[in-house]
Structure formats: structure tokens, C-alpha cells
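The values are calculated or read from the model by the stated rules, or taken from the named source; none is laboratory data. Not measured: the values here are computed from a predicted model. Glycine also receives a Cβ, built like all others from the backbone with ideal geometry; neighbour counts cover every protein chain displayed. The area values use the complete protein model at the heavy-atom level, side chains included, leaving out ligands, DNA and RNA. Shrake-Rupley method; radii C 1.70, N 1.55, O 1.52, S 1.80 Å.
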Amino acid sequence: MENTEEIKRLQRSSDNRTWRKWGPYVSERQWGTIREDYSKDGQTWDAISHDHARSNAYRWGEDGIAGFCDSQQILCLAPAFWNGKDPFLKERLFGLTNGQGNHGEDVKEIYYHLESSPTHSYCKYLYKYPQEEFPYEELVEQNRTRDRNVREFEITDSGIFEEDRYFDIFIEYAKAGINDILMKITVVNRGPEEALIHVLPHLWFRNFWKHNDRFKRPEIKTLGESTIHTNSYRNGSFYFYHQGGEQLFCENETNNQVIYQLENDFDYVKDGINNHVVNGEASVNPAKTGTKCAIWYTKTIPAGASAEICVRLSKNKLANPFENFEEAISRCKADSDAFYAGLLTNSSSDEQKFLAKSALGGLLWTKQYYYFDVYKWLNGEQGKTPPERDIVRNHNWQHLTNRNIISMPDKWEYPWYAAWDLAFHCTSFAHIDVGFAKRQLLLMLKEYYMHPNGQIPAYEWNFSDVNPPVHAMAVWQVYTTDRKKTGKSDFVFLEKAFQKLLLNFTWWVNRKDADGTDVFEGGFLGLDNIGVFDRNNMPLGIMDLQQADATSWMAMFSLNMLQISLELAQHNLVYEESAAKFFRHFLNIAWAMNNIGDKEIPLWDDEDKFFYDVVRLEDGRNEKLRVRSLVGITPLFAVEVIDDSTFKNLRRFKRRAVEIIKSRPDLASLISDIEVENSRGEYLFAIMRNDRLEKILDRLLDEAEFLSDYGIRSLSKYHEENPYAFEYNGGRHTIEYVPGESSSPMFGGNSNWRGPIWLPLNYLIIISLKKYYKFYGPTVTYEFPKGSGKQLNLKEIAMELTNRLLRIFEKNSSVTYHYFSNHPVYNQENGSFNYHQFFEYFNGDTGEGLGASHQTGWTSLIANLIIEMNDDDV
């Protein structure tokens with residue numbers, strides 16, 4: 001890539017103290033989170049509701065619409081709006097709680113993370129605000145009356161956007177310097193008549209002083225009609241410049257009267273600005289001082305016209321803060337465009353470039369300042385009474401102290417990190433900010449994140465939950481992507497990660513291989529309801545569950561660690577010992593998948609030609625759960641191609657490997673021709689032997705089973721007409737193909753792995769097929785799709801799968817994207833809805849977007865597929 005201005009900023013930003021210091025690090029939902037739940041009954045969604053959020057000062061973070069803050073979230077900047085008809089200011093996005101939604105929690109707003117440069121020196125966001133009263137009650141009531149078999153009632157179903165009676169509100173941020181933030185709000189009236197809107201850019205301090213005596217209360221005060229000054233022991237002085245508008249001040253302190261029915265500690269509390277603007281109350285400080293402020297603008301905008309509001313937050317005392325303001329924003333926007341132009345080559349279409357830029361922009365927007373000290377949360381602040389709780393979560397994670405900028409799955413639906421999501425995020429970040437990707441991966445391995453026993457924390461609802469072990473995969477992929485871009489090998493990063501991954505691998509072996517047989521358990525493993533029953537809570541009478549996916553993930557983990565060991569051994573021969581260890585682990589797991597315990601019961605079924613989970617029952621019997629799901633596809637991921645040159649200087653490892661193969665030919669025979677090299681001197685390490693690979697692909701590429709027009713389904717369509725039932729001890733559990741939203745309440749019912757298409761697993765399938773192609777070359781072909789008579793090699797099949805996934809994001813015969821096909825409002829031709837959203841998963845038959853609507857966590861992998869489309873080096 002050309003050395004653009006944005007790349008230069010990245011090169012000067014090794015941490016969060018320089019160009020990455022400020023960014024869109026404010027959550028889009030802080031209410032309804034575990035970390036803010038101090039309730040006795042542990043009903044998290046009720047502890048702080050959306051309605052209480054404007055009055056309750058948060059303990060652990062802040063939220064807002066298009067919020068910007070520093071990397072320690074000391075000072076926050078975000079806009080709020082009022083159409084003159086809503087019962088309160090639009091300060092944060094509205095959505096349903098898990099109990100209110102017929103498919104779990106769900107944001108009920110229309111907004112887009114349009115763009116961001118890697119250092120956030122330019123960011124752009126779009127919020128669509130109705131001109132009529134926002135349908136809060138209708139959204140709650142309509143969804144409350146619907147069951148899981150009915151589609152959700154969306155804001156677009158309410159008619160609130162009819163006749164285009166809404167505002168398009170564009171929020172742009174640009175950096176004139178490291179501590180010099182420009183904010184521009186452009187409000188466009190899309191309606192047929194003039195309309196009134198109130199716009200209130202807010203500036204406030206996170207309340208960091210109430211719970212920590214070390215910190216003094218900061219201050220925000222007026223310096224005149226167009227300047228506000230902030231002062232804090234933690235970040236010094238800042239100046240907030242504006243043009244026109246009315247300054248309003250209050251404190252970022254809880255309104256005790258509203259929340260606790262007690263006297264307030266302060267006269268002008270958190271909801272003071274809201275109560276003043278909406279209700280006309282005398283609830284703002286006439287002395288114009290506090291810890292929260294806003295500039296109140298009132299605009300009447302003609303039909304089709306727009307209005308602009310500009311503010312500036314700077315460390316510098318500026319005589320003319322709005323001189324060259326537009327030029328600075330345009331320059332940062334041009335820098336961002338130049339960066340993406342260099343990243344996205346001419347081999348991609350304009351539509352694909354726009355898609356990739358949108359996906360990566362969304363990924364960058366979903367960074368968040370995440371603060372959570374489990375010890376303090378459980379035991380209370382020093383010298384204070386501990387919280388009284390009937391449900392005590394995460395008691396074994398009291399070492400965990402999180403205070404970092406972390407990539408979130410979705411800052412509204414999932415405003416907390418999830419371990420395996422984050423690993424996939426980092427493979428995308430590697431293309432745009434490899435330094436951030438490395439630091440994120442290492443962060444999860446730090447002693448204040450990783451459990452002393454070696455477990456990586458899952459997510460705040462239960463840090464002890466078990467996610468697939470994909471961290472090593474991400475470490476290796478980030479390392480190789482970086483090496484390809486720079487021509488340099490970052491052994492320091494690789495070695496740091498490897499040392500901690502050893503602990504994690506040991507945790508898996510000690511904790512999730514109960515019988516010491518190399519067949520692993522793990523529970524739901526991030527795939528929620530993919531099992532015939534809840535794999536975290538098995539029915540009575542089942543002694544244990546030998547999981548095809550857990551075991552396959554561990555085979556992949558072993559290969560990743562083998563690959564890393566071999567790479568480090570080029571630098572330090574000590575790592576030959578580790579390489580031999582993981583080679584043996586890989587062989588043992590391959591053997592165990594065919595011989596559970598001493599009973600020689602394989603996870604592979606010769607009759608069905610598929611991998612299944614096996615349950616051990618209390619009467620001593622073993623039974624296969626004949627569910628054709630992605631669980632049986634995961635063995636495909638355990639594949640690596642290693643060049644003979646890797647072994648040339650590693651004589652000790654080569655000797656040990658040969659000894660293992662000679663002494664245990666039964667082990668070597670279970671994996672793909674490990675002792676045979678191809679014409680290029682490469683060796684294939686894979687669980688799938690030739691015949692098994694062919695049989696798995698036979699199902700995977702069958703449109704009557706896994707292959708959809710839009711990618712690979714999570715459950716075979718075979719189960720639509722042939723539901724699977726497991727019966728034992730008088731209980732009956734069934735599973736059937738459900739291509740859309742979940743019909744089951746399992747795991748909250750807000751996701752579905754019983755049919756829909758998920759990007760992360762599709763991505764792993766595609767890169768695995770490319771690895772097999774790298775070894776077998778173009779002459780080995782398979783029928784695609786099954787029954788077509790058309791033969792393709794594995795690279796061509798990977799490309800076909802990529803194109804089917806891309807079809808989700810293409811426009812259909814009307815003017816909207818496939819994933820919006822069932823939402824009429826998005827078919828409008830005015831172009832104002834022609835921006836991408838990135839859903840959590842997609843309907844297995846239609847490609848419709850489902851679940852979280854801004855999950856440019858792992859759905860940003862679509863950008864990887866575009867960037868890596870023609871890349872043979874996997």
C-alpha cells in the first residue's frame with residue numbers, strides 16, 4: 001500500500017496516547033448490562049432500563065448516539081436530538097429488552113456506521129430520526145403480543161417513515177490534531193414540509209470520582225457566549241467551542257428522586273438538560289457550571305433542505321476555532337479515502353469496494369471503552385457495604401480488571417467483548433490496523449484477563465462459559481497477514497502470544513477432556529441452540545457428551561500451535577520441543593475421534609458419512625446424536641499445509657516426527673498422507689482423509705442440505721422434512737431446520753444456529769478449502785453443486801461460496817439489498833436508505849438479515865473475503 005497520511009498516523013501511533021487517543025469509544029447501550037446490575041434479584045434488564053438511563057449515572061461507562069471520547073473515557077462528546085413531540089430527548093438508541101422482544105433483545109432504530117479511518121481521524125455516522133412522535137409504546141406492545149414463530153415488529157412497520165417524514169442526521173468527526181476534535185452535524189429534512197428539530201451536542205465527564213476518593217470532581221464551566229472550559233485532574237484543560245446556541249449545564253449524578261425515591265445530593269442532576277428542554281423545568285444550573293453540558297440549537301428546516309452545526313473540542317486556546325474548519329474535515333475525509341483506495345485494489349468492483357469500506361468502517365466504530373472490575377463489582381467499593389445479591393455471577397473471576405478499548409460484537413446488542421468473536425475481529429483488523437489487532441489478542445492473554453488456570457474470559461454474562469479455541473488461529477493469521485504486508489516477521493508478538501496460549505491449551509486438556517482420552521467437551525461452544533438439547537445443561541441420565549466440534553476445534557488448536565512452534569523454531573531451536581508436543585497432540589486427537597475410550601466408537605459415522613456428537617448414558621450405552629449441523633463440518637478446519645523448507649533446519653523435530661510415525665503407524669494412518677509431500681514439497685496436516693473430505697463435501701455442496709444460494713447453512717435442510725428426535729428417560733428433545741429467527745427460547749432465543757448462515761463459520765470453511773487446494777492443486781475436483789454434473793477444484797469452490805455470500809449484500813431486482821428484502825421502506829428510490837447494515841446472521845433460504853443489525857464484529861469478515869478473494873497464500 002502507498003504510504004498515505006493515514007498510514008503515517010498509524011505508524012506514529014503505537015498505543016492509545018497519540019492518534020488513536022480519541023475515537024468512537026462510547027457504548028451504544030450501557031443500561032441492561034451485567035456490569036451496571038447491582039440488583040438483588042439479578043434481573044439485569046430491569047436493573048437499569050432505557051427509561052431510567054437518562055436519570056441514572058452509570059458506574060462503569062457511558063453511552064450515546066455516535067459518541068466520541070478519549071481512550072480512558074474521561075471526557076465524552078455526543079449529540080442528542082428532539083423533534084418537539086417525543087416525551088424525552090433522543091440521547092441514546094432505543095431497543096427492546098430480552099423479555100420484551102419475541103426473539104430477545106433488539107435495537108429498534110435506523111442508524112449506520114458509515115465510515116472510519118483506522119486512527120478515527122475521520123468518522124461518519126448516520127442516524128434517521130422520525131419527525132413524528134417516536135413509537136416507543138407501539139414497538140413494545142406489538143412485539144410483546146408476538147410469539148417466536150412470527151417475524152419481529154420493526155420500526156419500519158410502524159409507518160413512522162411514511163412520506164419520508166424523517167431527518168437524516170449525519171455526524172462527522174475529524175482530527176485537526178491529537179487533542180483537537182472537530183464535530184459537524186448535518187441535519188437533512190427528507191419530508192415534504194418544513195420541520196422543527198432541536199439539536200444538542202453534549203459534552204460530559206464520565207462519573208469517575210464518586211467511587212474513587214483519589215479523584216477530585218472535575219468541572220465544566222462557561223468562558224463566554226461561545227466557549228466552555230473543562231478541567232480535570234485526569235486530563236487537564238480542554239476548550240469546547242461553538243457558534244450560537246444556548247449553553248446548558250447540570251451534573252452527571254443520579255436523580256435519586258426518580259431512581260430511589262430519595263432526596264437528591266445535587267440540585268441539577270443527570271436528566272436536568274432533558275427536563276429543561278422537554279418539560280421547561282428549571283433543572284439546569286444558572287451559574288453555568290457542572291460536569292455535563294450541552295449547546296441547545298433550534299432549527300426549522302424547509303423540505304429537502306439541510307442545516308449544519310459545528311463544534312470543536314481542543315486542548316488549544318484558539319482565537320478563530322472555526323477558521324479552516326471545513327478544510328480540515330475535507331482533508332481528513334480525503335486521507336480516509338486514500339487509505340481505503342490503497343487497500344482495496346482494482347480487482348474488486350465498485351460495489352465490493354463500497355461494501356468492504358462500510359464493513360471495516362463499522363468494525364472501527366464498534367470499538368468501546370470497556371471498564372469492569374469484578375472484585376469491586378462483587379464486594380463493593382473500599383469501605384462500603386458489599387452489594388446484596390441473590391444471584392452471584394463470575395465469583396471465580398475476581399482477578400479480572402478490564403479497563404481498555406476493546407472491539408465489541410455490536411455496541412448496542414452485545415456491548416461487551418466475546419472471546420471468540422474478538423478473535424475473528426482481529427483477522428479483519430489485521431488488514432487495516434495490525435498493531436491494534438495484535439494488542440487485542442495479547443490483551444485477552446494478560447494476567448488481569450486470562451484466569452490463573454489458563455481460561456480466556458468468555459463474556460460478562462458468564463466469564464466461565466466456553467467458546468471455541470480460535471485465539472491461536474487468529475494469532476497466526478494476524479502474524480502472517482502482517483508479514484505479507486511488511487515483509488517482516490514479528491517474532492516478539494508471536495512468542496508473547498504463544499507462551500500464554502500454552503496455558504490456555506493446558507486448561508482445555510485438563511478441564512475439557514474429563515477422561516483423558518483426547519475427545520473434548522465444552523458445552524454450547526458459542527453455537528447456542530445448534531444441539532438437539534442445551535449442551536450446557538444436558539438432560540438427566542446423560543453422563544457426558546463427546547463433542548465432534550470441541551474435539552475438532554482442539555485439533556485445529558493443536559495445528560495452530562504446531563505451526564507457531566515451527567515458525568518460532570526458525571528463530572530459536574528450543575521450540576522444536578513444542579512442535580513435537582503439538583504434533584503428537586494432533587495425532588492423538590485424530591486417533592481419539594475414531595476410538596472413544598477403549599470402545600472404538602468413532603465420532604465419524606460410516607453409514608451416514610458424517611461426524612456426530614456421542615452421548616454416554618447412565619446405563620453404559622453410547623449413542624450418536626445424528627444431527628447434520630456445522631458441528632460435523634468443523635473437522636474440516638483442522639488443516640494446515642507446511643512446506644518442506646520449514647523442516648530443513650529442524651532436524652530434532654523431523655527425527656521425532658519420523659519416530660512417532662514409525663512407532664505408531666495407526667496414528668499417522670488416520671490423517672491425510674502426512675508422510676507424503678506433493679510436487680512442490682508441501683505436506684498436508686489434516687483430519688480429513690481423501691475419502692472423508694469427499695463425503696463431507698458431498699453434503700456441504702448439496703443444495704438440499706447445507707448449500708444455500710447465500711452460503712453454507714448451519715443446519716442441513718434435510719432436517720426440514722426429517723426432524724431429529726432424541727428420547728431418553730421419558731424425555732423427548734427435537735431439532736428441525738429453521739432458516740430464520742429461532743423458534744426456541746434456548747440461550748435467550750436471540751440467535752439461531754438451526755439453519756441460518758453465519759459469516760465466521762463460512763469464512764473458516766472457505767479458507768480451509770483454500771488450504772486443501774494449496775496442497776492438492778487444480779487437478780482434484782468435486783461436483784458443485786451436487787447433482788449439477790459440473791466439476792470444480794477447491795479454489796473455484798471457495799470462490800463460488802464467496803460469491804454466494806456476497807450475493808447477500810448485492811441489490812435484488814428492486815433497489816434494495818437482499819438482506820433487506822422483507823422491509824418495504826428500504827425499497828425507496830431516493831437513495832437515503834442505500835447504506836449497508838451488517839446483521840448477525842442470515843436466513844438460510846432467502847438471505848434476509850437477522851439478529852443484531854450492526855454486528856460488524858464478525859460480519860465484517862465479508863471485507864476479508866473481498867480483500868483475500870484472489871489470494872492464494874492462506
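If packing is taken as the average count of other Cβ atoms within 10 Å, what order do 626-634, 492-500, 721-729, 445-453 fall into, highest mean first?
Numbers: 626-634: 24.8, 492-500: 17.7, 721-729: 13.4, 445-453: 15.3.
So the order, starting with the most tightly packed, is 626-634, 492-500, 445-453, 721-729.
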Quiz item: How big is the gap, in Å, between the Cα center of the range 364-420 and the Cα center of the range 692-761?
Solution: 33 Å
Exercise. Could you tell me how many degrees, from 0 to 90 and to the nearest 10, lie between the Cα long axis of helix 548-569 and the main elongation axis, the longest principal axis, of the Cα atoms of the chain?
Key: 90 degrees
Exercise. Sketch the reach of a paramagnetic label on Asn722 as a point 7 Å from Cα along Cα-to-Cβ, and name the residues of the range 622-637 whose backbone nitrogen lies under 15 Å away.
Key: 625-629
Quiz item: For the chain, with the dipole built from +1 on Lys and Arg beta-carbon atoms and -1 on Asp and Glu ones, taken about the Cα centre, which of Ile589, Thr802, His818 lies farthest toward the positive end?
Solution: Ile589
Quiz item: So, in nm, how far is label Thr781 from label Asn320 when the simple model puts each one 7 Å beyond its Cα toward the Cβ?
Solution: 7.0 nm
Quiz item: Does the range 21-166 classify as rounded, prolate or oblate by the C-alpha gyration tensor (a ≥ b ≥ c root eigenvalues; a/c under 1.5 gives rounded; else a/b over b/c gives prolate, otherwise oblate)?
Solution: oblate
Exercise. Read phi for every residue in the range 800-807 and hand back ³J(HN,Hα) as whole Hz from Karplus 6.51 cos²θ - 1.76 cosθ + 1.60, θ = phi - 60°, with x for Gly and Pro.
Key: 4, 5, 4, 5, 5, 5, 5, 4
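Once neighbouring chains are kept in place and the probe is 1.4 Å, which whole percent of the accessible area of the chain is contributed by carbon and sulfur?
Within the chain, the accessible surface is 45 percent carbon and sulfur.
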Quiz item: With a sphere of radius 12 Å drawn around the Cβ of Lys376, what net charge do the other residues whose Cβ falls strictly inside it have (Lys, Arg +1; Asp, Glu -1)?
Solution: +2
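State the volume of the convex hull built on the alpha-carbon positions of the chain, expressed per residue in Å³ and rounded to an integer.
Measuring per residue, one finds 165 Å³ for the Cα hull of the chain.
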Quiz item: Could you give the length gained on full extension between Leu502 and Glu388, defined as 0.36 nm per residue of separation minus the Cα-Cα distance, in nm?
Solution: 37.2 nm
Exercise. Calculate the translational D of the range 613-700 in whole µm² s⁻¹ from Stokes-Einstein, where the hydrodynamic radius comes from the Kirkwood formula applied to all Cα pairs, the temperature is 37 °C and the viscosity 0.692 mPa s.
Key: 211 µm²/s
Quiz prompt | Inter-probe distance in nm under a simple model that places probes 7 Å from Cα toward Cβ, at Val574 and His399 | solution = 2.2 nm
Quiz prompt | Per-bin percent of Cα-Cα distances, the range 134-250 [10 Å] | solution = 10, 25, 24, 22, 16, 2
Practice problem: Figure the gain on full extension for Val278 and Asn622 (residue separation times 0.36 nm, minus the Cα-Cα span) and round it to one decimal in nm. | Solution: 117.3 nm
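Please state the charge dipole magnitude for the range 181-229, taken about the Cα centre, from unit charges on C-beta atoms (+1 on K and R, -1 on D and E), reported in debye and rounded to the nearest 20. Kindly include the intermediate steps, with their values, before the conclusion.
Working: 8 positive and 5 negative charges, 93 e Å.
Charge dipole, the range 181-229, about its Cα centre: 440 debye, nearest 20.
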Practice problem: Grab the other residues whose beta carbon is less than 11 angstrom from that of Ile34, score K and R as +1, D and E as -1, and report the net. | Solution: -1
Quiz prompt | Dipole of the chain, positive direction: furthest Cα of Gly857, Ile228, Ser347, with charges on the beta-carbon | solution = Ile228
Quiz prompt | With 5 Å bins from 0: P(r) over the range 376-534, alpha-carbon pairs, percent | solution = 1, 8, 16, 19, 19, 15, 11, 7, 3, 1, 0, 0
Exercise. Pop the C-beta distance of Val815 and Asp350 into the FRET formula with R0 = 22 Å and round what comes out to the nearest 0.05.
Key: 0.85
Quiz item: Given +1 on the Cβ of Lys and Arg, -1 on the Cβ of Asp and Glu, and no further charges, what dipole in debye does the chain carry about its Cα centre, rounded to the nearest 20?
Solution: 3160 debye
Exercise. With viscosity set to 1.002 mPa s and temperature to 20 °C, compute the Stokes-Einstein D of the range 269-408, Rh being the Kirkwood radius across alpha carbon pairs; µm²/s, no decimals.
Key: 99 µm²/s
Quiz item: Among all the lysines, which ones have a C-alpha under 23 Å from Lys717's C-alpha, if same-chain residues fewer than 8 places away are not counted?
Solution: Lys609, Lys624, Lys695, Lys786, Lys790
Quiz item: When ligands, DNA and RNA are left out and all protein chains stay put, how many square angstrom of accessible area per residue does the chain have with a 1.4 Å probe?
Solution: 35 Å²
Quiz item: Based only on the alpha carbon positions, what is the Kirkwood hydrodynamic radius of the range 257-326, in angstrom?
Solution: 15.7 Å
Self-check item: Debye, to nearest 20: dipole size of the range 57-133, +1 on Lys, Arg Cβ, -1 on Asp, Glu Cβ
Solution: 80 debye
Quiz prompt | lysines with Cα under 22 Å of Lys500, excluding same-chain neighbours fewer than 8 positions away | solution = Lys438, Lys446, Lys512, Lys581
Quiz item: For Lys317, which lysines qualify as cross-link partners when the Cα separation must be under 17 Å and same-chain residues fewer than eight apart are set aside?
Solution: Lys175, Lys221
Exercise. Would you please give the FRET efficiency between Tyr835 and Asn690, computed as 1/(1 + (r/R0)^6) with r the Cβ-Cβ distance and R0 = 35 Å, to the nearest 0.05?
Key: 0.15
